[in-house]
Amino acid sequence: MGPTKITGSKYSTLPKTPTGITGLDQITAGGIPKGRPSLICGEAGSGKTLMAMEFIVRGALEYGEPGVFLAFEEKSEELAMNVASLGFDLEQLQKDKMIKIDHIHIDRSEIEETGEYDLEGLFIRLDYAIKSINAKRVVLDTIENLFSGLSNQNILRAEIRRLFTWLKEKGVTAVITGERGEGGLTRQGLEEYVSDCVILLDHRVINQISTRRLRIVKYRGSQHGTNEYPFLIDEEGVSVLPVTSLELSNEVSSERISSGIVGLDAMLEGKGFYKGSSILVSGTAGTGKTSIAATFADAACKRGEKCLYFAFEESPNQIIRNMRSIGIDLQAHVDAGLLIFYASRPTLYGLEMHLVAIHKFITKYEPDVVILDPITNLITVGAVSEVKSMLVRLIDFLQQKQITVLFTALNFNAIINEQTDEGVSSLVDAWITVRDIESNGERNRGLYIMKSRGMKHSNQVREFVISDEGLDLVEVYLGPEGVLIGSARISHEVEQQTGIAIRDQAVNRKDREVHRKKQILESKISGLRAEFESTEEELNKMYEEEALKKEIIEKSRDEMIRLRQDLKKRNDNDN
Amino acid sequence: MQNNADQPVRHDGDEHYYLKLFIAGASINSLRAIENLKSFCHRFLKGRFELEIIDIYQQPLLAKEEQIIALPLLIRKFPAPEKRFVGDMSETHILLKGLGLTSID
């Protein structure tokens with residue numbers, strides 16, 4: 001709200017009446033001056049009457065302020081029919097005494113002037129209409145029709161001046177419409193001076209594409225946006241886009257969201273992008289920008305977030321089919337209501353109209369993630385500078401809403417792409433570029449992070465691989481020959497694998513030899529052991545024989561002793 | 001205008017005129033218009049006119065019904081077709097021509 005409070009709290013600010021027209025109240029910081037006349041001027045078909053009517057109808061419906069519509073051009077029934085397409089039921093509102101439409105018919109051919117006159121009749125009619133419904137709002141559409149009905153310019157000019165003063169005295173908030181004149185804002189060059197607020201409508205056709213624009217030319221006593229703002233007239237009335245906010249004070253989030261590609265997240269400190277940031281993915285044709293975008297959308301939907309996908313190149317069905325081939329099922333998200341596609345041909349509207357349409361969709365669906373694929377197609381309907389200014393405003397709007405946005409941009413060739421990228425790239429928070437790297441007779445994709453604000457991102461090139469399982473980033477091989485990618489990288493990997501196999505084999509051979517040697521030694525050891533065993537056995541045998549001999553000898557000696565003793569005894573006995 | 005430029009039928013003599021003059025209160029223009037018109041009628045339509053003077057302030061609804069913007073406004077209700085004049089009725093020749101009268105000087 002900041003800028004609107006510039007006058008400070010000490011002084012009372014100009015009271016304003018909200019118009020209820022989407023966006024207009026934001027540009028005017030609250031609406032048109034309360035109790036004063038404002039002028040809406042523009043060429044035929046620029047939407048003056050509709051805007052004025054919406055002011056009255058919205059006033060009645062949304063702010064409970066009755067309004068008088070004084071129509072100089074169209075009859076009440078015609079007006080009712082014209083605005084019925086916007087869902088405004090004028091008949092009912094008139095019955096409810098919230099709106100009074102008074103058709104003023106004036107035809108020069110039926111009137112002759114004879115002498116001095118004034119427009120008191122108009123004042124009386126208006127006064128009566130205001131009093132009958134206690135109106136707070138008044139529209140005079142188009143006041144200069146008086147000049148075609150009456151010829152005395154001096155009288156008319158004086159009377160219109162009087163009318164403006166009179167309206168102020170009445171305290172009604174008035175909107176006067178006026179046809180754009182040559183060299184001035186209005187044909188009479190009068191209304192713009194007596195109005196307190198002047199809104200100029202414009203309807204331009206550039207390259208066969210029409211764009212409606214609105215500009216606040218003057219606003220007494222109030223700050224207002226001075227730029228040209230595009231506006232759209234559709235089935236919901238007028239939507240003005242307050243494209244550039246007056247300050248750079250958006251809230252920022254330090255929350256991180258995954259890109260859906262593991263390798264890419266790894267390059268971004270392993271966490272992914274900041275929530276509410278803007279991401280640009282640029283690359284030449286066929287580098288997989290849409291695949292990156294779809295993967296990002298898929299990841300968002302898988303987190304349960306809402307994603308709005310603006311497709312300017314392919315139809316939603318085409319994108320869904322194509323993404324199925326890399327293992328991403330977008331249809332499931334569409335069915336779950338998380339993914340909403342909005343496809344339109346860039347040439348259908350002007351650039352500004354696209355912006356208004358995008359704006360409306362975002363406001364309607366309140367997504368967490370928005371994808372624009374590709375923004376470069378919009379350049380077909382506008383110059384690079386226009387696209388840039390459109391994107392500034394879009395990014396601004398999205399950041400206010402904390403919506404993460406991913407743009408894809410097609411680079412046509414090396415020279416232009418640098419310029420285009422630079423034009424847009426200064427606006428975005430993260431910029432990823434996918435480049436075809438042509439070498440050894442093949443094209444491969446290299447992915448770089450050109451910038452990523454607020455994080456230590458990787459400065460390395462990764463090879464970007466699209467397979468049936470989705471997207472992945474592969475570290476490139478950095479060798480003496482430089483960066484190797486594609487089949488060169490694969491062949492290098494094969495080479496490395498062969499090397500490993502050979503090394504393994506060598507190790508195996510050594511192992512076997514050791515094993516064999518061990519076996520030989522072991523067999524030798526067992527031979528020796530056998531030898532030792534036989535020697536031992538021999539020795540044992542000898543030892544046993546000796547023991548046996550000894551035993552036998554001792555036995556026989558004992559025997560002999562016994563025998564000898566027996567003999568002695570016998571001899572003694574004999575003696 | 002188309003009606004009077006080469007009007008084959010001339011309203012000279014017997015035709016009866018029914019005129020309505022709308023005014024806004026007692027403004028200078030209103031008073032001047034009443035004065036001018038009365039003298040006009042007495043001079044050119046003597047005895048064959050009916051003049052109704054209506055103050056729109058008193059009957060504001062009439063302003064819408066009669067599609068009134070500029071005042072004073074004179075409407076010739078009869079003879080048909082309806083003719084409208086705005087102003088203080090000071091330019092007699094326009095009235096004469098517009099009403100289809102020839103001057104009888």
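Checking each residue in region B:53-98 for being of a type in the set (Lys, Arg), under 14 Å from the mean Cα position of the chain (by Cα) and facing chain A (nearest Cβ under 8 Å) picks out B:Lys83, B:Arg84. Counting only residues that are more than 9 Å from every other protein chain (Cβ to nearest Cβ) and small (Gly, Ala, Ser), which one in region B:12-47 is nearest to B:Thr92 (Cα to Cα)? Across region B:12-47, the extreme among qualifying residues is B:Ser39. Taken over region A:357-367, the criterion of being of a type outside the set (A, V, I, L, M, F, W, C) and crowded, with 21+ Cβ neighbours inside 10 Å is satisfied by A:His359, A:Pro367. Mind telling me which of the residues A:Ile206, A:Ile199 ends up being closer than 23 Å to A:Ile27 by Cβ, out of contact with any strand residue (DSSP E or B) (no Cβ under 9 Å at 6 or more places or on another chain), of a type in the set (Val, Ile, Thr) and assigned by TED's automatic domain parsing to the domain that holds A:Pro37? Matching residue, one of A:Ile206, A:Ile199: A:Ile206. Residue count for region B:66-87 under the criterion of being touching a residue at least 24 places away in the same chain (Cβ under 8 Å) and either basic (Lys, Arg) or crowded, with 24+ Cβ neighbours inside 10 Å (or both): the result is 9.
Each row is one residue, and each column tells you yes or no for (1) in the same structural domain as A:Asn377 (by TED's automatic domain parsing); (2) modelled with pLDDT of 85 or more; (3) more than 25 Å from A:Asp25 (Cβ to Cβ).
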| residue | (1), (2), (3) |
| --- | --- |
| A:Thr226 | no, no, no |
| A:Glu251 | no, no, no |
| A:Leu268 | yes, yes, yes |
| A:Thr287 | yes, no, yes |
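Only one entry of A:Phe407, A:Phe361 meets the criterion of being of a type in the set (Phe, Trp, Tyr), modelled with pLDDT of 85 or more and in a helix (DSSP H, G or I), and that entry is A:Phe361. Every condition in (1) under 31 Å from the mean Cα position of the chain (by Cα); (2) not assigned by TED's automatic domain parsing to the domain that holds A:Ala297 holds for A:Asp504 except the one numbered (1).
Looking at region A:98-121, I want the residues that are over 21 Å from B:Ser30 (Cβ atoms) and have a partner that is among the polar types (S, T, N, Q) with Cβ atoms under 6 Å, at least 6 apart or on another chain. Which pairs are those? So the pair list comes out as A:Ile101/A:Ser76; A:His103/A:Ser76; A:His105/B:Gln67. Can you find a residue that is in contact with a Phe, Trp or Tyr (Cβ under 9 Å, 6 or more places away or on another chain) and under 24 Å from A:Ile104 (Cβ atoms) anywhere in region B:37-48? Within region B:37-48, not a single residue is in contact with a Phe, Trp or Tyr (Cβ under 9 Å, 6 or more places away or on another chain) and under 24 Å from A:Ile104 (Cβ atoms).
Considering the conditions (1) within 14 Å of chain B (Cβ to nearest Cβ); (2) within 40 Å of the chain's Cα centre (by Cα), A:Ile199 is excluded by exactly one of them, (1). All conditions but one from (1) within 13 Å of chain A (Cβ to nearest Cβ); (2) at pLDDT 90 or above apply to B:Glu50; the one that does not is (1). Report whether or not A:Thr177 is in contact with a helix residue (DSSP H, G or I) (Cβ under 8 Å, 6 or more places away or on another chain), part of a loop (DSSP other than H, G, I, E, B) and crowded, with 22+ Cβ neighbours inside 10 Å. The answer is no for A:Thr177. Within region B:57-72, does at least one residue satisfy the condition of being more than 20 Å from A:Tyr128 (Cβ to Cβ) and modelled with pLDDT of 90 or more? Within region B:57-72, none of the residues are more than 20 Å from A:Tyr128 (Cβ to Cβ) and modelled with pLDDT of 90 or more.
Listed by position, the strands (runs of 3 or more DSSP E) enclosed by region A:229-347 that each have at least 3 residues that are under 30 Å from A:Val461 (Cβ atoms) and under 19 Å from the mean Cα position of the chain (by Cα) are A:278-283, A:307-311. Taken together, A:Arg161, A:Arg137 contain a single residue that is buried (at least 23 other Cβ atoms within 10 Å of the Cβ) and more than 14 Å from chain B (Cβ to nearest Cβ), which is A:Arg137.
The values are calculated or read from the model by the stated rules, or taken from the named source; none is laboratory data. Just so it is clear, the structure is predicted and the values come from calculations on it, not from any experiment. Neighbour counts are summed over all protein chains in view; Cβ atoms, including those assigned to glycine, are modelled from backbone coordinates with ideal geometry.
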